[in-house]
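Pasting a structure below so you can have a look.
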Amino acid sequence: MNPAPMQRRAFLASSLALASGLALPIGRAGWFARAAEPDGKRLIVIFLRGAVDGLNVVVPYGDDVYYNARSSIAVQPPGREHGAINLDGHFGLHPALAALLPRWQGGQLAFVHASGSPDPTRSHFDAQLYMENGTPGRGALPDGWMNRLLGALPGPRSAGRAIAFGPQVPRILAGSQPVANLSSGNDIGKPLAIDRPGVSQAFASLYDGNDAMSKAFQDSVQSRQQMQADAESMAAGGGAEQMAADNGAPLPNGFPSDAAKLARMMRQDPSIRLAFFALGGWDTHIRQGNGEGQLANRLRPLGDGLAALAGGLGPAFDDSLIVVMSEFGRTVHENGNGGTDHGHGNVLWLLGGKVAGGRVYGKWPGLRPDQLYQERDLAVTTDFRLILGPTVTRHLSLPDQTIATLFPGIPAGSVSSSLLRA
């Protein structure tokens with residue numbers, strides 16, 4: 001068989017991709033293909049920029065105060081139309097996250113409620129910085145905790161061991177260790193060369209078949225069109241504040257496609273140890289919705305993407321830990337615009353083959369006025385560092401003293417166990 005046509009197609013594809021700014025799939029023979037490392041355990045962190053409303057993600061439907069405080073945006077109890085999915089008789093899962101229910105039932109998904117940063121700031125910028133640095137209240141460190149984690153891992157130093165989806169390396173992965181970044185939905189509202197008719201027609205002709213690369217290209221085009229429409233809708237609706245809170249992160253519409261891409265890469269290349277996504281659209285000051293609406297429309301692709309990531313990893317899911325976190329939660333009471341404002345306590349998600357799942361962890365403080373933080377917010381009863389420190393280091397088979405490297409200043413003697421099965 002003459003390989004020339006395939007080589008010519010690959011050359012044209014790479015040339016057009018560079019000219020257009022469109023990222024194409026990276027396979028076994030791609031840029032990051034390397035010999036497998038002996039330890040194939042992975043960590044994937046998804047940061048929800050803008051402060052997701054944890055009270056409508058893992059719904060305390062067993063607490064009557066929740067419904068009194070949220071007359072229009074409360075997610076109804078299980079059994080009602082668009083109601084929460086029962087988890088344990090007190091908490092329920094937002095119905096838009098139904099794709100994750102099999103992982104909960106299989107004991108591979110857990111939540112830690114009333115968790116977060118002990119720092120009191122309600123600034124998106126500061127709170128994100130503190131959580132990415134791993135140092136609440138301290139923003140002067142030059143590196144992020146995932147970069148420090150990368151430096152603690154044994155093995156060769158190469159950029160492909162850690163991947164960030166987006167146009168630049170985020171703060172959480174900034175530092176002395178090399179990190180690669182891949183294009184995702186970032187800058188989706190900005191016109192690229194691929195948006196020009198001539199270039200798009202050339203790509204369409206090149207990828208008009210039913211093979212895997214053609215389908216990947218066609219899916220990418222559809223995702224870009226949808227995210228462009230969402231970006232235009234946000235701009236038209238006065239979403240400037242939300243876009244600032246997103247800090248450049250794309251809406252989650254394209255996350256299922258990106259998550260499936262990462263799953264394929266990790267399945268093919270065990271040397272990829274760390275990965276990071278930032279997703280925006282969670283600063284729901286107005287028209288938040290309840291079991292359906294704006295928040296539901298953000299959560300659905302997030303849940304679908306996580307399900308695609310877990311399923312796409314195949315057997316590698318058993319050695320993977322996925323963390324979903326956000327800078328802070330939102331007010332218990334809804335505001336006058338059918339939304340919620342900047343709060344404090346939130347919910348942290350853990351998903352993976354070894355997660356001790358099927359449980360909502362954490363000390364629930366209650367929602368009565370005398371139980372709230374500053375009489376308005378869900379209190380933080382579990383420092384996020386006390387969750388991630390022992391869980392991440394144990395998952396990656398690192399010594400206990402690594403916790404202090406990742407999270408300098410963590411309260412001494414407060415870390416005792418992880419949320420992984422023995």
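Cα to Cα, under 12 Å, and not fewer than 8 places away if on the same chain: which aspartates and glutamates meet these conditions relative to residue 41?
Partners found: 269, 318, 319.
Pop out the ³J(HN,Hα) list for the stretch 292-306 in order, Karplus 6.51 cos²θ - 1.76 cosθ + 1.60 with θ = phi - 60°, rounded to Hz; leave Gly and Pro as x.
Coupling constants for the stretch 292-306: 9, x, 4, 5, 4, 5, 7, 5, 4, x, 5, x, 5, x, 5 Hz.
Can you list residues whose amide H is under 5 Å from residue 117's amide H, if they're 5+ apart or on another chain and H is modeled 1.01 Å from N?
The answer is 384.
At a Förster radius of 51 Å, what calculated FRET efficiency corresponds to the Cβ-Cβ distance of residue 82 and residue 211, to the nearest 0.05?
0.80
Could you give me the ³J(HN,Hα) list for the stretch 339-355, computed from phi with Karplus coefficients 6.51, -1.76, 1.60 and θ = phi - 60°, whole Hz, x at Gly and Pro?
Residue by residue, the stretch 339-355 yields x, 9, 9, 5, x, 9, x, 8, 10, 10, 9, 10, 9, x, x, 9, 5 Hz.
Which Rg and Dmax, in Å, describe the Cα atoms of the stretch 36-406?
Looking at the stretch 36-406, its Cα Rg and Dmax stand at 20.0, 64 Å.
Now for a separate question. For the stretch 245-259, what does the Karplus curve 6.51 cos²θ - 1.76 cosθ + 1.60, with θ = phi - 60°, yield as ³J(HN,Hα) per residue in whole Hz, taken in order and with x for Gly and Pro?
So the Karplus estimates, Gly and Pro as x, are 5, 5, 6, x, 6, x, 5, x, 3, x, 4, x, 5, 5, 5 Hz.
What FRET efficiency, computed as 1/(1 + (r/R0)^6) with R0 = 22 Å and r the Cβ-Cβ distance, is obtained for residue 176 and residue 126, rounded to the nearest 0.05?
That pair, residue 176 with residue 126, gives E of 0.40.
Computed from the coordinates by the stated procedures, all read-outs in this text should not be read as laboratory data. As the structure is a computational prediction, the values presented were derived from the model and not from experiment. Cβ atoms come from the backbone with ideal geometry, glycine included; neighbour counts cover every protein chain shown.
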